[in-house]
1. Determine the per residue accessible area of the stretch 269-354 with all protein chains present and a 1.4 angstrom probe, expressed in square angstrom.
2. Under the classification rounded if a/c is under 1.5, otherwise prolate if a/b is larger than b/c and oblate if not, where does the stretch 246-327 fall, given a ≥ b ≥ c as square roots of the Cα gyration tensor eigenvalues?
3. With the Cα gyration tensor of the stretch 180-290 giving a ≥ b ≥ c as the square roots of its eigenvalues, does the rule (a/c under 1.5 for rounded; else a/b larger than b/c for prolate; else oblate) give rounded, prolate or oblate?
4. Per-residue accessible area for H212 at 1.4 Å probe radius, Å² rounded to 10?
5. Of the accessible area of the chain, with the probe set at 1.4 angstrom, what percent is carbon plus sulfur?
6. What residues have an amide H closer than 5 Å to that of S259, excluding those fewer than 5 places away on the same chain, when H is modeled at 1.01 Å from N in the peptide plane?
7. How many nm is it between the label spots at D94 and D454, if each spot is 7 Å from the Cα in line with the beta carbon?
8. In percent, how large is the relative contact order of the chain, given Cα pairs closer than 8 Å and 6 or more residues apart?
Amino acid sequence: MSLLQQVNPRVRGMRVSPHTALQGLAARITQEISQGAQTSFKEVIDVISGDPHRAGVKSISFVRQVLAVCLCPHLLKDTSLPLDVRLRAQSLLDSCDGGSVGAYTPSAGLLRVRQSIAEFITRRDAGVPSYSKDVYISTGSQVALMLLVKLLAGEEGETPTGVLTPVPSPHTLPGLLDQEGVTLVSYRLTEERGWALELNELHRALKASRGHCNPRAIYISNPGIPTGHVQDRKSIEEVIRFAAAERLVLLVDEVYQDSVFGSEFVSYKRVLFEMDKVYSDSVELVSFHSLSSGSMGEGGLRAGFMEAVNMDPEVMHYVDVMLCFDISAPVTGQLALDLMVDPPKPGDASYDTYTQEILSARATLSHNAQRASQFLNGLPGISCQPAMGGIYLYPSLCLPIVIVEQAEMLGVEPDVLYCQRLLKEEGLLIGAGCHHGGATNSYHLRLCVLVPPDTLEEALTRLGSFHLRLVGRFVHCNGVKDRDEHVNLREKICPTRRNHVPPGSTMFAEETLQK
């Protein structure tokens, strides 16, 4: 037996995702540019990763200052730093064993930080109590979700566990479920209603799963990833009643709760506890939040948390057991969580700067989302539902049949082929919707808008230039009746690049496509 045959079959079944493949292509192009390759662009622009700091978004000063002092305690005496920064750093160091961020913490996280998180949740939910014993800190919200999936998964040979999962969904979720032998039960979000969650679709998905798996949970993303939809109270109540009737655990990803615009974020926990006791005392709910998402964007610090509500303590004991194998989340990340949930208060020396930076980040996100949505809806063959929150737009893409046929010949999804050529011709790295699940013949793009405004403008210019060159070859596609209309659109949207044709760009040459 070869070594390869001895590898876990589930691991052997894993494939490089379109997301990873596109990032690999971008890295290769970047390396070629550094070695002197001639391209029509000076650098690759990344609007796929959802990593704001990588994109050039500045960190929050208060967070970095406090962490700097915690890492270098001699700065406690540096009077050039604000007093509240030094006091918070001292307080956090006092909560660490040995007064050092280099010491291990309890597996579920520092008690001081878990208490801060519980107090934050209580404030957020208008007084609905939260307790530190129900809060678990992990190396990012994804790890916490993975632990819950492990708890739900059945034994080998049993009817597999099922988890109701939205389509589109976060791109890592299908692989996570498959890794644990859990069946993904798809329920489709309604695009024409802004990617709303429909109760009748949940019932349809559940009915279709019977006999194939044992549904034990429903996963919710609110605000939606990558759709940007934010559920209202009525929708949340419907889902809670559905979960109660079907005895499903609610797994609610709320990592973009501080990135909501044009709407109001209401947590599932708050809605649950404002319903009748028949629900608030019985529905099992686990919610997730993260340091890497939203205004803070500190992905590299690797910390997130979950709160368990109405879960059996004997069951949650095993979460503690599994967390022990990870030792503990990085201590700097845990301390940053404390700063995220308990920021400077009015009167503190850092309050004005902190407030200005947070409000600026949120204003930029809201502006970018509106700007990009308007631009995308001005392109022939692209339609984009307005985002209500989160950091992504998820526009629909209508592709000429010739492109679809070419993709089939090349063995790739059509939206992946679109993204590959966009990257090669314009140096723009954007996400393919197939990575998030979707119906056959339905194509989408994923665009991160949590980037500096100048970066977004350049990204939109490149996207418009490429897209108009493409659809200009197909004058009857998407209801565009004549080539003059394409010329007008090209001049209106990309006036400085309307005649730009990248050297050696033959992929979408008219004669090539007509073949």
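The values are calculated or read from the model by the stated rules, or taken from the named source; none is laboratory data. All values derive from a computational prediction rather than experimental measurement. Using ideal geometry, Cβ is built from the backbone for each residue, glycine included, and neighbour counts are taken over all protein chains shown. Surface accessibility is based on the protein's heavy atoms, side chains included, excluding ligands, DNA and RNA. Shrake-Rupley method; radii C 1.70, N 1.55, O 1.52, S 1.80 Å.
1. I get 41 Å² per residue for this part.
2. oblate
3. Since a/c reaches 1.5 but b/c is at least a/b, the shape of the stretch 180-290 is classed as oblate.
4. Using a 1.4 Å probe on the heavy atoms, I get roughly 130 Å².
5. Roughly 51 percent of what the probe reaches on the chain is carbon or sulfur.
6. It is G390, by chain and number.
7. Label at D94, label at D454, 4.4 nm between them.
8. 19 percent
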